[in-house]
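Have a look at the structure below before the remarks.
The values are calculated or read from the model by the stated rules, or taken from the named source; none is laboratory data. Here the structure is a predicted model, which means the values were calculated and not measured. Here the Cβ positions follow ideal geometry from the backbone for every residue, glycine too, while neighbour counts run over all protein chains shown.
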Amino acid sequence: MNSIKIIETKDGSHSLLNEILNETYHSTHGAIQESRYVFIKNGLEYFLNENKTQSVNIFEVGLGTGLNVLLALEFATKNKIKIKYTSIEAFPVKKEIAGQLNYADLIFFSNGKTLFQEIHASPWEESIQINDFFCLKKTEQSIYEIELPNETFEIIFFDAFAPAKQPDMWKLSVLEKTVNALKPRGVFVTYCAKGQLKRDLKTLRLTVETLPGPPGKREMVRAVK
């Protein structure tokens, strides 16, 4: 029995339901609107506005459906910003499931549908130039296994399953590993706003902001190194 099921969220975009964990990959109030708000607006756009740069290096914990990759690719293409994007995923979504997701029908930019297919078809463990502005490296590893070089990334998209479902992903040791990979002034952004997360990020000497959440969620967190 397949434990992964496609569902439709309230903004019309798909998400996946992990039936073993009883957890969705995105907010049921809207997958695209959540990812755009949390990771693009309050992560990528915020960093670029604060630092006035034309290039950025992003590390994502949790490739999942590839939605965050597609939205970052859309942003890079439309704004002519060069992005190097590294994403890890211990349990990749099967290509036949990824091929049914409707994101490219709802996110309009040149060759978006073809590029979304390329995100999932591209080989693992290789840096692939998706277009002139976007380089993608997918790594089939867990956050526990991967070795991260210190002070390499400007932005971390922390998009693991919720702490109630995967508490080990949110341990201080894991957060410390990812934060060490951030450059000074780098941004850590996540949909989660648990008190323990905020305390741990402060312990790691980040400046922590609690921001209004996307529709259906009261709060989210952004932290700056």
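Structure above, values below:
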{"item": "Per-region count, region 122-135, residues assigned to a strand (DSSP E or B), in contact with a strand residue (DSSP E or B) (Cβ under 8 Å, 6 or more places away or on another chain) and within 13 Å of Glu74 (Cα to Cα)", "result": "3"}
{"item": "Residue in region 181-198 that is surrounded by fewer than 20 Cβ atoms within 10 Å (Cβ to Cβ), modelled with pLDDT of 95 or more, over 19 Å from the mean Cα position of the chain (by Cα) and over 20 Å from Phe47 (Cβ atoms) present", "result": "yes"}
{"item": "Ile119 being among the β-branched types (Val, Ile, Thr) and assigned to a strand (DSSP E or B)", "result": "no"}
{"item": "Residues of region 77-93 that turn out to be crowded, with 22+ Cβ neighbours inside 10 Å and aromatic (Phe, Trp, Tyr), as a count", "result": "1"}
{"item": "Filter result for Ala162 (aliphatic (A, V, I, L, M), modelled with pLDDT under 95 and out of contact with any strand residue (DSSP E or B) (no Cβ under 9 Å at 6 or more places or on another chain))", "result": "no"}
{"item": "Scope region 123-145; condition of a type outside the set (Asp, Glu) and within 17 Å of Gly62 (Cβ to Cβ); matching residues", "result": "Trp124, Leu136, Lys137, Lys138, Thr139, Gln141, Ser142, Ile143, Tyr144"}
{"item": "Residue identified as surrounded by fewer than 18 Cβ atoms within 10 Å (Cβ to Cβ) and at pLDDT 95 or above among Glu96, Glu126, Glu118", "result": "Glu126"}
{"item": "Whichever residue in region 13-27 is polar (S, T, N, Q) and part of a loop (DSSP other than H, G, I, E, B) and, among such residues, is modelled with the lowest pLDDT", "result": "Asn22"}
{"item": "Hey, Glu74 without any contact (Cβ under 8 Å) to a residue 60 or more places away in the chain and either surrounded by 22 or more Cβ atoms within 10 Å (Cβ to Cβ) or not charged (D, E, K, R) (or both) or not", "result": "yes"}
{"item": "Residue match in region 120-138 (condition: among the β-branched types (Val, Ile, Thr) and under 17 Å from the mean Cα position of the chain (by Cα))", "result": "no"}
{"item": "Neighbours by Cβ (under 6 Å, 6+ apart or cross-chain): first from region 54-66, over 15 Å from Lys177 (Cα atoms); second among the basic types (Lys, Arg) and assigned to a strand (DSSP E or B)", "result": "Ser55/Lys82; Asn57/Lys84"}
{"item": "Strands (runs of 3 or more DSSP E) contained entirely in region 146-220, each with at least 2 residues that are touching an Asp or Glu at 6+ places or on another chain (Cβ under 9 Å) and of a type in the set (A, V, I, L, M, F, W, C)", "result": "153-158, 182-190"}
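Conditions tested, residue by residue: (1) surrounded by fewer than 15 Cβ atoms within 10 Å (Cβ to Cβ); (2) in a strand (DSSP E or B); (3) not polar (S, T, N, Q).
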| site | (1), (2), (3) |
| --- | --- |
| Ile7 | yes, yes, yes |
| Asp11 | no, no, yes |
| His29 | no, no, yes |
| Lys41 | no, no, yes |
| Tyr46 | no, no, yes |
| Val56 | no, yes, yes |
| Glu60 | no, yes, yes |
